[in-house]
């Protein structure tokens, strides 16, 4: 069995207005510091851009680690949403882990992708 048996990834996509791009990039460093300093069960956490669309690529050991992430970064995310428009969120993982997250993500109306098979290191 791999360490990814219960892993869950989240991909939120945000639209960033040009006038908010510098402020956005400042938030990215803040998010990375919060996650890097406090979340031992984060498997990876990074940001990608396609023009003015930002994606946060993030994965965690399991649903409990995501709940800890929401607690850790919730206030910063609330501030970030003042300069960024949430376009959509994808949550990927095993059905039993996704079920544990549905209440916490209900207000964001995510798309859930159920993992059927795979491998990991």
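Each reported figure results from applying straightforward, stated rules to the coordinates on display, with no laboratory input. In this text, all values refer to a predicted model and were calculated from it rather than measured experimentally.
When only Cα pairs below 8 angstrom with a gap of at least 6 residues are kept, the chain shows a relative contact order of 37 percent. The coefficient of translational diffusion for region 1-41, derived via Stokes-Einstein from the alpha carbon Kirkwood radius under 4 °C and 1.567 mPa s, stands at 101 µm²/s.
Compare 55, 42, 32 in a GNM of the chain, Cα atoms joined below 10 Å, and give the one with the largest fluctuation. Most flexible of the set in this elastic network: 32. Over the chain, DSSP H runs of length four or greater, each weighted -39,500 (n - 2.57), average out per residue to a 222 nm ellipticity of -11500 deg cm²/dmol.
The long axis of helix 63-80 is offset from the longest Cα principal axis of the chain by roughly 10 degrees. Projecting the alpha carbon convex hull of the chain along each direction and taking the average yields 7.4 nm². Between 0 and 90 degrees, the angle of helix 21-38 with respect to the longest Cα principal axis of the chain falls at about 40 degrees.
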